[in-house]
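First the structure, in the form of structure tokens, and then the observations on it.
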Amino acid sequence: MTNKTIESLDRVVIRFAGDSGDGMQLTGDRFTSDTATMGNDLSTLPNFPAEIRAPQGTLPGVSSFQLHFADHDVLTPGDAPDVLVAMNPAALRANLRDLPRGATIIANTDEFTTRALAKVGYASNPLEDGSLESYHVHAVALTSMTVDALAEFDLTRKEKERAKNMFALGLLSWMYTRPTDATEAFLATKFGSKPEILAANVKALAAGFNYGETTEDFASSYAVAPAPMPAGTYRNITGNVALSLGLVAAAHRSGLPLVLGSYPITPASDILHTLAGLKRHGVTTMQAEDEIAGIGMALGASFGGALGVTTTSGPGVALKSETIGLAVSLELPLVIVDVQRGGPSTGLPTKTEQADLLQAMFGRNGESPVPIIAPQTPSDCFAAAMDAVRIATAYRTPVFLLSDGYLANGSEPWLVPEVADLPDLSVEFATAPNGVDDAGAPVFQPYLRDPETLARPWAVPGTAGLEHRIGGIEKADVTGNISYDPDNHDLMTRLRQAKVDGITVPDVEVDDPSGDARVLVLGWGSTYGPVFAAVRALRRQGHAVARAHLRHLNPFPGNLGEVLRSYDRVIVPEMNLGQLALLLRAKYLVDVRSHTAVRGLPFTTTELAEVVGAALEELS
Amino acid sequence: MTITDHLARHGLAGVPLLEADAPKQTKKDFTSDQEVRWCPGCGDYVILAAVQSFLPELGLKRENITFVSGIGCSSRFPYYLNTFGMHSIHGRAPTIATGLATSRPDQSVWVVTGDGDALSIGGNHLIHAMRRNVNLTILLFNNQIYGLTKGQYSPTSKVGQVTKSSPMGAVDQPFNPVSLALGAEASFVGRVMESDRPSMMATLRAAAEHRGTALVEIYQNCPIFNDGAFEKIKDRSEQEARLVRLEAGQPVRVGAEDARRVLVRTPGGALEFVPEDQADPTAYVVHDPYAEDPSQAFALSRLDSPEMTSVPVGIFRQVERPTYDDQVRAQVAGAQDAAGGPATDADLAALLRGKDTWTVA
């Protein structure tokens, strides 16, 4: 179809950047979907402002979407883009510093007006003044070419201009030899009720593709071969969707109805949206009047024998803390999803951070232990959600699922599991009295524990003979009656702690292929990708480096202390000021070294490789 | 309306009844083995006894009744009832009750709360439960004081009330709980006095039968920190002249037979009590708790004043509108029915695959 050459590449990082109203997230999503279908492994990083339409053409208004795809296993969204699509001067200015020399820039010249340039502090046009001479610049009149291509359409100029993101997508699709049929099908669904808009978008997409093929500005296109991946059926999935599906699958496998109580908050709201659309799967969602009501509704549903879940981000967790404490005292199953974002206070609503670990661990009054699980990649949110439900139901305890903004919005291919292979999470409710009173009559003792798990019975309303009262006041061991007895409180406090400490979690696995490593890099949550990629880069250079990843933050795996003590140096990178490091030092008396950054973005591979490299040097 | 419709709109629709041949329940069946720990003379004892006597009337199994409470003296209530119960945290009982009522249509769900719990720390949840019209019966014990924390002014304390935390008198304007509930779109609002057992039993009965949120304010005396707050309307010699007993379909009257006054609407639209023998019968205000428009019920609630000159009690409003929990369940059930029943493994597999998959061989 084209006479131009096709060059092969093993990996590409593309960043689409424009105004927050330019449709960059959609463009990125579509390119990702087409890329996934091509069989490449990939990882994405959306990055957008908190404002829905920040002032046009300004630096704070820039929204971007980065995609890393390759013919091999991809671990991160990529440190630096090979290609930047800049829809306006602000997009160029905001992203240029991340671009290595030699990278390609595709700039929409129509938006590089004197006024738009001045708005972001450009005295002259960088596309013309030579300041970009170490980059490959393609100056493309994206807007006007889109409008020209749509001349025949009965649409306003503004409506025509709005299709420019499809022109850009078409051009990039040609450049990287991606098919556009899936995007056309997507547009048909999105604009099905507006045939004129639909036809215009499809036309703009084709026009962009054809422009790449015909213009002399682009000498060749590129192909990235499929990555070798385990056999099976794949889909591309974001963390928030994977987490939602994990909860639904867990409810299905436990036989419990899923009841979500939630209040909208960035970046967790997509879980509420996703679950609200899954009523067909027996999912009940209640949008509450506030964060506290959201968790209250979930806890009320759990009391009634449902799988109660609440979803939020850090500020919401602060509001829910008292109810989490109540759930600790009631010993009822409850899943609290915290999609962490930059803090404190409102902080950075759309940016990622891992600074709620200590809040999840300790952010309640009294001794109030709560298990914590953190997913490591977007698709892993599925399995982590199922694991959270396992612990919550088996041990009758609230459980924290600590995702973050990067996992929530980032995406990657996911090998869709077979339903039959998913863990069996069936639960047993109490059905009959479990004790006798002084007179020998059968009674129900709501705090008589299972000797193995220390879980108390889950006795739901509607079960005859099990009528009982529970509450947040300290309860007597076994009977659950109000008790202010000093020894009983000491006992109950230790029992609640012992129950959480005794939760079965798998040992942490250490990846140390040579067995010679003296340095261990320990990650948790979304640092998995960057840590693995950095370690892989160092190994390629011939260094021996060990790597391990924590999924269970409370309780820690049983072998963790031994693992930490078997290395000369343990490095813990975190997107906070050293919260996991603090816990590790306190518990294991090991002098772990923190590497921290709270820039609202995931670590880059380069940065971590340098940090670990420096440690290797010190020890040599 | 057909009988079926009517039954579906009964507050207890969906809750299983006692078998016809089951032994008759008594107050004792609803009394737990826990020692009641309120102060001697507390109005809560009277309310507890009334509720324990009333519950057998419902004809429900004990396991299908759940009481949820918040924090405060009144919130100890669930411990003393042999039903399912949760003593939760301050102000949040309506949220927990909403979650339970929505996920368990077979439960008769009750909330017990006080003026501080419901109107101060839990004000937000109370108004939202009422606007949603969740099928709950909320008993709001109003003693116009914080009792459990030992005597601070509450959101229903009178302006000028001297308490431990208001030594120079409270400056806060109090809430009128009935006005608040009517403003919050409540579909059932009643008020009773703890000492008036027949009226309490009748109002509890109507509240339990109401489908949707029923708010019953119960004037309750705190003998330790606010003794005598309701003395003017409890005292036999004054009560008749002050207590306005609302009766559906009847003119609103107050006072003994020889001093009977009736409520009229003045030409300016205001409500005013005038001696019955001087009143124009066409101007009588006839109480209509079933009116869609809550304005007259609201106007009645405003007859109240700190001086307790005319205090309306009874059912202010009792209207039918769809309940939150019924509608939430109907959406889930509708989605499941439309898809051919509860999700199977195959349905879950299809959900996990999504719409855009590819296969690696």
What are the residues in the stretch A:497-517 that are open to solvent by 30 Å² or more (accessible area, probe 1.4 Å) and assigned to a helix (DSSP H, G or I), if any?
A:497, A:498, A:501
Out of B:318, B:327, B:336, B:331, which single residue is within 14 Å of chain A (Cβ to nearest Cβ), at pLDDT 95 or above and under 24 Å from the mean Cα position of the chain (by Cα)?
B:327
Name the pairs: first residue in the stretch A:284-309 and more than 7 Å from chain B (Cβ to nearest Cβ), second residue β-branched (Val, Ile, Thr) and open to solvent by 10 Å² or more (accessible area, probe 1.4 Å), Cβ to Cβ under 8 Å, at least 6 apart or on different chains?
A:291/A:265; A:305/A:460
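Inspect the stretch A:236-255 for any residue being assigned to a strand (DSSP E or B), in contact with a strand residue (DSSP E or B) (Cβ under 8 Å, 6 or more places away or on another chain), open to solvent by less than 10 Å² (accessible area, probe 1.4 Å) and within 14 Å of another protein chain (Cβ to nearest Cβ) and give the result as yes or no.
The first filter runs over the stretch A:236-255 and keeps only residues assigned to a strand (DSSP E or B), leaving A:236-238.
Imposing the further condition that a residue be in contact with a strand residue (DSSP E or B) (Cβ under 8 Å, 6 or more places away or on another chain) reduces the set to A:236-238.
Those left that are additionally open to solvent by less than 10 Å² (accessible area, probe 1.4 Å): A:237.
Right, trim to within 14 Å of another protein chain (Cβ to nearest Cβ) and you get A:237.
There is at least one residue in the stretch A:236-255 that is assigned to a strand (DSSP E or B), in contact with a strand residue (DSSP E or B) (Cβ under 8 Å, 6 or more places away or on another chain), open to solvent by less than 10 Å² (accessible area, probe 1.4 Å) and within 14 Å of another protein chain (Cβ to nearest Cβ).
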Can you confirm whether the stretch B:68-80 contains a residue that is within 13 Å of residue A:293 (Cβ to Cβ), at the interface with chain A (Cβ under 10 Å from one of its Cβ atoms) and aliphatic (A, V, I, L, M)?
no
Kindly indicate which of A:197, A:271 is of a type in the set (Val, Ile, Thr), open to solvent by 10 Å² or more (accessible area, probe 1.4 Å) and outside any strand (DSSP E or B).
A:197
Filter the stretch A:417-447 down to the residues that are of a type in the set (Val, Ile, Thr) and either part of a loop (DSSP other than H, G, I, E, B) or open to solvent by 70 Å² or more (accessible area, probe 1.4 Å) (or both), then identify the one that is nearest to residue A:476 (Cα to Cα).
A:436
In the stretch B:100-128, how many are open to solvent by 10 Å² or more (accessible area, probe 1.4 Å) and in contact with a Lys or Arg (Cβ under 8 Å, 6 or more places away or on another chain)?
1
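Test residue A:456 against the stated conditions and say whether it is of a type in the set (D, E, K, R), more than 30 Å from residue B:347 (Cβ to Cβ) and either not in a loop (DSSP other than H, G, I, E, B) or not assigned by TED's automatic domain parsing to the domain that holds residue A:266 (or both). Reasoning before the result, please.
Working: of a type in the set (D, E, K, R): yes; more than 30 Å from residue B:347 (Cβ to Cβ): yes; either not in a loop (DSSP other than H, G, I, E, B) or not assigned by TED's automatic domain parsing to the domain that holds residue A:266 (or both): yes.
When the stated conditions are applied, residue A:456 passes them.
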Which numbered condition residue B:138 fails, given (1) open to solvent by 20 Å² or more (accessible area, probe 1.4 Å); (2) closer than 28 Å to residue B:230 by Cβ:
(1)
Please state which one of A:494, A:456 is more than 14 Å from chain B (Cβ to nearest Cβ), basic (Lys, Arg) and open to solvent by less than 30 Å² (accessible area, probe 1.4 Å).
A:456
Of the candidates A:285, A:323, A:346, A:310, the one satisfying the condition of being touching a helix residue (DSSP H, G or I) at 6+ places or on another chain (Cβ under 9 Å) and within 18 Å of residue A:406 (Cα to Cα) is A:346
Go through the stretch B:113-130 and count every residue that is of a type in the set (Val, Ile, Thr) and either more than 9 Å from chain A (Cβ to nearest Cβ) or not in a helix (DSSP H, G or I) (or both).
2
Being within 14 Å of another protein chain (Cβ to nearest Cβ) and touching a strand residue (DSSP E or B) at 6+ places or on another chain (Cβ under 9 Å), is that true of even one residue in the stretch B:285-300?
no
Return yes when residue A:210 is surrounded by fewer than 19 Cβ atoms within 10 Å (Cβ to Cβ), modelled with pLDDT of 95 or more, more than 11 Å from chain B (Cβ to nearest Cβ) and farther than 30 Å from residue B:342 by Cβ and no when it is not.
yes
Exactly one of B:186, B:170 is touching a helix residue (DSSP H, G or I) at 6+ places or on another chain (Cβ under 6 Å) and in a loop (DSSP other than H, G, I, E, B), and that one is B:186
Taking the conditions exactly as written (under 15 Å from residue A:359 (Cβ atoms), open to solvent by less than 10 Å² (accessible area, probe 1.4 Å), in a strand (DSSP E or B) and more than 10 Å from every other protein chain (Cβ to nearest Cβ)), does residue A:324 satisfy them or not?
no
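Can you confirm whether the stretch B:23-35 contains a residue that is closer than 26 Å to residue B:323 by Cβ and either among the charged types (D, E, K, R) or surrounded by 15 or more Cβ atoms within 10 Å (Cβ to Cβ) (or both)?
Start the filter on the stretch B:23-35 by keeping residues that are closer than 26 Å to residue B:323 by Cβ, which leaves B:30.
Remaining after also requiring either among the charged types (D, E, K, R) or surrounded by 15 or more Cβ atoms within 10 Å (Cβ to Cβ) (or both): B:30.
There is at least one residue in the stretch B:23-35 that is closer than 26 Å to residue B:323 by Cβ and either among the charged types (D, E, K, R) or surrounded by 15 or more Cβ atoms within 10 Å (Cβ to Cβ) (or both).
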Can you tell me which residue within the stretch B:100-112, out of those that are more than 9 Å from every other protein chain (Cβ to nearest Cβ) and not aliphatic (A, V, I, L, M), is nearest to residue B:183 (Cα to Cα)?
B:110
Subset of the stretch B:82-99 (residues that are over 12 Å from residue A:292 (Cβ atoms) and either open to solvent by 10 Å² or more (accessible area, probe 1.4 Å) or more than 8 Å from chain A (Cβ to nearest Cβ) (or both)):
B:82
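Consider the stretch A:30-59. How many of its residues are under 30 Å from residue A:415 (Cβ atoms) and touching a helix residue (DSSP H, G or I) at 6+ places or on another chain (Cβ under 9 Å)?
Of the stretch A:30-59, the ones under 30 Å from residue A:415 (Cβ atoms) are A:30-48.
Imposing the further condition that a residue be touching a helix residue (DSSP H, G or I) at 6+ places or on another chain (Cβ under 9 Å) reduces the set to A:30-31, A:33-34, A:37, A:42-48.
Count: 12.
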The stretch A:38-66, residues that are over 22 Å from the mean Cα position of the chain (by Cα) and among the hydroxyl-bearing types (Ser, Thr, Tyr):
A:58
Exactly one condition in (1) within 14 Å of chain B (Cβ to nearest Cβ); (2) in contact with a helix residue (DSSP H, G or I) (Cβ under 9 Å, 6 or more places away or on another chain) is false for residue A:201; which is it?
(1)
Scanning the stretch B:19-43 residue by residue, the ones that are away from chain A (no Cβ under 14 Å) and among the β-branched types (Val, Ile, Thr) total 1
Of all residues in the stretch B:167-183, which are of a type outside the set (S, T, N, Q) and surrounded by 18 or more Cβ atoms within 10 Å (Cβ to Cβ)?
B:170, B:174, B:175, B:177, B:178, B:180, B:181, B:182
Of all residues in the stretch A:459-488 being more than 12 Å from chain B (Cβ to nearest Cβ) and in contact (Cβ under 8 Å) with a residue 12 or more places away in the chain, the one that is surrounded by the most Cβ atoms within 10 Å (Cβ to Cβ)
A:477
Residues satisfying the stated conditions in the stretch B:80-114, i.e. hydroxyl-bearing (Ser, Thr, Tyr) and under 15 Å from residue A:299 (Cβ atoms):
B:88, B:95, B:98, B:102, B:103
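The values are calculated or read from the model by the stated rules, or taken from the named source; none is laboratory data. Source: prediction; values computed, not measured. All Cβ positions, even for glycine, are placed from backbone atoms using ideal geometry, and neighbour counts span all protein chains on display. What goes into the accessible areas is simple: the full protein's heavy atoms, side chains included, and nothing from ligands, DNA or RNA. Shrake-Rupley method; radii C 1.70, N 1.55, O 1.52, S 1.80 Å.
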